[in-house]
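K.L.:
This structure is in structure tokens; I'll ask about it shortly.
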Amino acid sequence: PCYQMLCALLEKEMQAGNDSMVCACAQVLAITAAVDPGNAQELVLTNGLTIVVDVLHRCLATVQPATARDNEQLKTCAFACQAAAAVVGEPVGRAEICKLESADDNRRSLVRAVVSAMRVEQSPALKTAALHFCVAASQHPELLGKLVEAGALWSVLGVALRFEAGASVPSGPQMPPGPRDTSAAAAAASKPLYLSVPLMLAAAH
């Protein structure tokens, strides 16, 4: 019952105001949910998604334009958004998010929180995770409608219009020189980070 224990710890530390421990718990959620679809599904089945939503809303409420990039709560937002981006890629995750969105409670809306996250300029990691979420969610008709209602289109357009087409895009780990490997695994490993949810999003990107 690892996610039940982890989410219980996260809630306890959040109530205690222990930002560093909350950030560490959110980081574990993000990494484990992104590394395997089964983990993302388990997070949803153990009611962990509601904790992710709560963390994202609470921490975003503390973020101001002057908030430093290395602020613990801002980093927690990025990790929570990464976990959400992994969850929305799974059918069980999308179904649970649709339930949350049908409640018409802005305080429980994951979509609105993610759209708000795209407006946080000082955290490229948070913005990237939010974009990954929007890309995955937009493939589901009901969630696409919620994204449009929340104003995601304008946030995405803002990012697209500022994107420098000639800028270098970070790719995966560099392979050492050796015989050329034309296997499918080698081709997948050479894909740039923006084609899949990375385990960790570097702030520099």
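The values are calculated or read from the model by the stated rules, or taken from the named source; none is laboratory data. It should be emphasised that the depicted structure is a prediction, and the values quoted were computed from it without experimental measurement. Cβ placement follows ideal geometry from the backbone for every residue including glycine, while neighbour counts extend to all protein chains displayed. For accessibility, only protein heavy atoms count, side chains too; no ligands or nucleic acids. Shrake-Rupley method; radii C 1.70, N 1.55, O 1.52, S 1.80 Å.
K.L.:
When segment 126-146 is examined, which residues are found to be aliphatic (A, V, I, L, M) and open to solvent by 10 Å² or more (accessible area, probe 1.4 Å)?
P.N.:
LEU131, VAL135, ALA136, LEU144
K.L.:
Right, here's the next one. Can you say whether VAL169 is part of a helix (DSSP H, G or I) and modelled with pLDDT under 90, as far as the supplied structure shows?
P.N.:
Against the criterion (part of a helix (DSSP H, G or I) and modelled with pLDDT under 90), VAL169 does not qualify.
K.L.:
The conditions are (1) more than 15 Å from the chain's Cα centre (by Cα); (2) more than 12 Å from CYS2 (Cβ to Cβ); (3) among the hydroxyl-bearing types (Ser, Thr, Tyr), and THR50 fails exactly one of them. Which is it?
P.N.:
Unmet condition: (1).
K.L.:
State which residue pairs qualify: first residue within 17 Å of GLN82 (Cβ to Cβ) and inside segment 35-51, second residue modelled with pLDDT of 90 or more and of a type in the set (S, T, N, Q) in any location, beta carbons under 7 Å apart, and separation of 6 or more residues or different chains.
P.N.:
ASN39/THR32
K.L.:
What do you reckon, is VAL92 buried (at least 23 other Cβ atoms within 10 Å of the Cβ) and not aromatic (Phe, Trp, Tyr)?
P.N.:
No; evaluated as a whole, the condition is false for this residue.
K.L.:
Restricting to segment 32-68, count the residues that are open to solvent by 20 Å² or more (accessible area, probe 1.4 Å) and more than 21 Å from GLY17 (Cβ to Cβ).
P.N.:
Total satisfying the criteria: 13.
K.L.:
Go through segment 3-20 and give me each residue that's open to solvent by less than 90 Å² (accessible area, probe 1.4 Å) and assigned to a helix (DSSP H, G or I).
P.N.:
TYR3, LEU6, CYS7, ALA8, LEU9, LEU10, GLU11, GLU13, MET14, ALA16, ASP19, SER20
K.L.:
Separate question: Look at SER123 and say whether it is within 16 Å of LYS75 (Cβ to Cβ) and crowded, with 21+ Cβ neighbours inside 10 Å.
P.N.:
yes
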